[in-house]
Amino acid sequence: MARFALSLILSLLWCSLGNASVYQTMGRARNLASQNRYTDAVRALDSVINSPHSRTSLLFEAYDSRARCHKKSGNYSAALADYDAALGIDASELNRAIVSLNKTDLLIQTGQYSEAEKILNDLPCHNQDTKNRRITNLASVYTRTERFQQAENLYKTAISEFSDSTDKAIICQNLGVLYMQQGKWAEASGQLSIADSLYGRLTAEKFISLSNLALSEAFSHNCELAIMHIDTALSGLARIVNLSHPDLIIMRRKKAEILLACGNTEKAKEEFREYFNLNRQNIISAFEGMSVQNRLDFWKKEKPLLSLVFGLENSYPELLFDVALFRRGISMPAKGAEFKSILNYNGRDIRNRLSKKDAAVDFVVYPKRDSSGKLESHMGAIVATKKNIRFVPLGLVSEIENHIVNGIRLKTAISCGRADHIDAVYSDSSLTQKIWMPVLGWLDNIDRLFFVPDGIFNLLAIEHLPGLPADIRIHRLTNLVNLLSEKRSYTPRDFLLAGGFDFDGLPDSAIENILPNHNAADFLRDNIREISFSTLPGMKAEVDTIFRFMPHAEHTYQLSEEYLKHNCGKYGGMHISTHGYTLHLDDDKGNYILSDSISADRSLLASGLALSGANNAHRHSDREDGLLSARELCDMDMRNIGFVVLSACQTADGKVSDEGPAGLVRGFKIAGAGTIIATLWEVNDEAAMRFMTMFYKLTALGKSKSEAFRLAQDYLRGYCIEEPEIIEEYDPAIQSSRTIETGNTVVSYPFASQSMWAPFILIDNTDI
């Protein structure tokens, strides 16, 4: 009995000491977080979460606290996972509401507006604080989705209901920023002045609000007052935070904008350069150890701010080139030291790589203020040669996107894939005049031009537009930094030839611990009624014919998702002939686009390749579904693969975002693949087979990839290739609506129209 009592006492003492230790660790975590030592705070919170002594209430708080630390560190996916873990714990309705509000803060920050709005609409309000936060968060969603009137109404409601002066100040500040977005500078100044008067103490929030007031005054043409306010805000905030604090860096950008608006371009240039240098180092530090997807989520907030540098236009092209390269570098799949070096590349590095007869063009979409100070999206081109650099403005994005060809909007023509629409786009030289001639006008005596598209140009084969000089070879890249990367090679023995799959077979057996589960079947099932892929004769014939030119390649008619995920690293190159898909949803204007409510992650689920067993995807949710989505590619390691050929429809398509189309090409690039052949719209089965066959035949004859690609397109167009081995491939018996005269013979070719040959694009081929 005595032994039992002693054991009980020791057990209780151990529990008591354990509880005390856990609470001490929790207190230490709070202290570390308050010092912005988020990594250390996360480690402490890990101990709390993994401790057997943590009570439910403490565990709930620990998950919420860790989520906020992850958020501050830019690790957004981990933060969202922790919020969900907290919400899975039995806690009071009030605490659950607070965590839900914290989660919506993050969803709004990462652009997942529809998800945030759903939570906020369903969220019960337990007290005035949660009611106020719900109102302000919902207003923020409305602001971000340009439902300005709804946002304004909510902010005005909140101002009338809030009793705390600081809360009112925050709402007035938010309302002022809303007015700034609309170019309503007088209204913005009014609300921001009220906010400034309501902030009692000299807090960071007060100085941030004052900096917004300064910007508003600048665009109200009160330059002297604007500069006084921004200098006060900068000096005040510098006394509160360290000099590398993000809020202080952003304020430097605001000062640059103010100086630019007030006509002081030289001082604006200095401020923009300082802002960029400081921001670059901050971002590089924040990005260490992040996944690519987390970088992109983080970048959604940072990129619009950094892009305001392009308001300088041609007054500082060297800085613009550096900024453009940095923007592209964010989405590169590299990690660690390699990633740091990529982000530190500058325009000088690219220009040193160019030969005397090379040019590099980086198209950029950027925000620019109109005469009233309202931001509008513009397109420009940074044009660089070995000797000089220039920025060429191309005009409003809306004007380019709405460029009319036979009454059809460009975006619609591309997305619909209708042959008549596409032929109209690619036979009209006015588009060439609009986007290429201003660029080429600054170039003289060049042989090669490397370009990186942006915006709608990602979905348009601008390298194939009519009227371009025939003596200039134009090469498409995803990033000009690729010009500096080491060239990757492959041999026929490590090349995979796959096509002619059995889509009706069963997917592979259930698998575990390969990669995170991002099956596309559920997503597709929510958006279309049936998933059905037919086996086309050309797919099998294509890989069989190519095999004649690459007899040592691995040749297969079956390619499962499971196999590819396990074994992609052993290949140096691959050719996949199958169905590609990109899901487009109609908006109310009849345009074929992905809904803005689809997040980046879900957008990548909307594009993919059909592999073996794809037609049975909906029946086996516990297995690999046979649909290899772009999102799944992001988790694969393809750094060994130097060449990928996607002989399928719409493999270069996808919702256009800041990093290019959210589709298969992005997935392969994030996975680390090198050169890619992809397609912009639905391709004709026979045209694809002939193009691919000719491409591989030409490479077998010793042609480079770029030359073989160009000649294979010419072959489809009916142009004679001056190679004895090639001439025999021409079939004069083919009938078509178009005839091509070759020597004394008139030959008809059904693939001469742009809709047949122009969808094929060669991406990131630097082995030239």
The correct count of residues that are surrounded by fewer than 17 Cβ atoms within 10 Å (Cβ to Cβ) and either under 16 Å from Ile119 (Cα atoms) or not aromatic (Phe, Trp, Tyr) (or both) in region 146-158 is 7
For the subset of region 477-505 comprising residues that are of a type outside the set (S, T, N, Q) and in a helix (DSSP H, G or I), which member is modelled with the highest pLDDT? Leu480
Return a yes/no flag: does region 78-88 have any residue that is farther than 20 Å from Arg30 by Cα and assigned to a loop (DSSP other than H, G, I, E, B). yes
Selection over region 239-276 where residues are among the aliphatic types (A, V, I, L, M) and closer than 30 Å to Arg37 by Cβ yields a count of 7
The lone condition Arg239 fails out of (1) of a type in the set (Lys, Arg); (2) farther than 25 Å from Ala158 by Cβ; (3) touching an Asp or Glu at 6+ places or on another chain (Cβ under 8 Å) is (3)
In region 263-292, which residue that is modelled with pLDDT under 90 and outside any helix (DSSP H, G or I) is farthest from the chain's Cα centre (by Cα)? Gly263
In the set Ile456, Ile446, Ile474, which member is of a type in the set (Val, Ile, Thr), part of a helix (DSSP H, G or I) and either touching a helix residue (DSSP H, G or I) at 6+ places or on another chain (Cβ under 6 Å) or surrounded by 15 or more Cβ atoms within 10 Å (Cβ to Cβ) (or both)? Ile456
Residue that is surrounded by the most Cβ atoms within 10 Å (Cβ to Cβ), among those in region 684-695 that are more than 9 Å from Ala712 (Cβ to Cβ) and not aliphatic (A, V, I, L, M): Asn684
Check on Thr130, over 24 Å from Thr203 (Cα atoms), in contact with a helix residue (DSSP H, G or I) (Cβ under 8 Å, 6 or more places away or on another chain) and of a type in the set (Ser, Thr, Tyr): no
Among the residues in region 62-79, are any surrounded by fewer than 22 Cβ atoms within 10 Å (Cβ to Cβ) and among the aliphatic types (A, V, I, L, M)? yes
Please name all residue pairs, on different chains or six or more residues apart, with Cβ atoms under 6 Å, provided the first residue is in region 351-365 and is of a type in the set (Asp, Glu) and the second residue is part of a loop (DSSP other than H, G, I, E, B) and surrounded by fewer than 22 Cβ atoms within 10 Å (Cβ to Cβ). none
Only one of (1) modelled with pLDDT of 90 or more; (2) farther than 28 Å from Met638 by Cβ; (3) surrounded by fewer than 22 Cβ atoms within 10 Å (Cβ to Cβ) fails for Ile382. Which number is that? (3)
Can you pull out the residues in region 120-131 that are surrounded by fewer than 20 Cβ atoms within 10 Å (Cβ to Cβ) and assigned to a helix (DSSP H, G or I)? Asn121, Asp122, Gln128, Asp129, Thr130, Lys131
Checking Phe219, Phe207 in turn, the sole residue that is within 16 Å of Gly373 (Cβ to Cβ), buried (at least 17 other Cβ atoms within 10 Å of the Cβ) and within 34 Å of the chain's Cα centre (by Cα) turns out to be Phe219
Pull out all pairs, ordered by first then second residue, where Cβ-Cβ is under 6 Å, the residues are six or more apart or on different chains, the first lies in region 77-101 and is within 18 Å of Lys118 (Cα to Cα), and the second is small (Gly, Ala, Ser). Tyr83/Ala67; Val99/Ala86
Could you pull out the residue among Ala214, Ala195 that is in contact with a Cys (Cβ under 6 Å, 6 or more places away or on another chain), assigned to a helix (DSSP H, G or I) and among the aliphatic types (A, V, I, L, M)? Ala195
Scanning region 546-577 for residues that are among the polar types (S, T, N, Q) and surrounded by fewer than 17 Cβ atoms within 10 Å (Cβ to Cβ), which turns out nearest to the chain's Cα centre (by Cα)? Asn567
Residues being free of Cβ contacts under 8 Å to residues at least 40 places away in the same chain and either outside any helix (DSSP H, G or I) or not assigned by TED's automatic domain parsing to the domain that holds Leu536 (or both) - total across region 643-685: 1
Boolean, Ser371 is free of Cβ contacts under 8 Å to residues at least 24 places away in the same chain, assigned by TED's automatic domain parsing to the domain that holds Asp444 and not in a loop (DSSP other than H, G, I, E, B): no
Which of the residues belonging to region 459-471 are in a loop (DSSP other than H, G, I, E, B) and surrounded by fewer than 20 Cβ atoms within 10 Å (Cβ to Cβ)? Pro466, Gly467, Leu468, Pro469, Ala470, Asp471
State which residue is surrounded by the fewest Cβ atoms within 10 Å (Cβ to Cβ) when the search covers only region 611-647 and only residues that are at pLDDT 90 or above and among the small types (Gly, Ala, Ser). Gly642
So which pairs qualify, if the first residue must be in region 462-485 and more than 22 Å from Thr432 (Cβ to Cβ), the second must be part of a helix (DSSP H, G or I) and among the acidic types (Asp, Glu), the Cβ gap must be under 7 Å, and the two must be at least 6 apart or on different chains? Leu484/Asp349
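The values are calculated or read from the model by the stated rules, or taken from the named source; none is laboratory data. Just so we're clear, the structure is a prediction, and the values are computed from it rather than from any experiment. Glycine also receives a Cβ, built like all others from the backbone with ideal geometry; neighbour counts cover every protein chain displayed.
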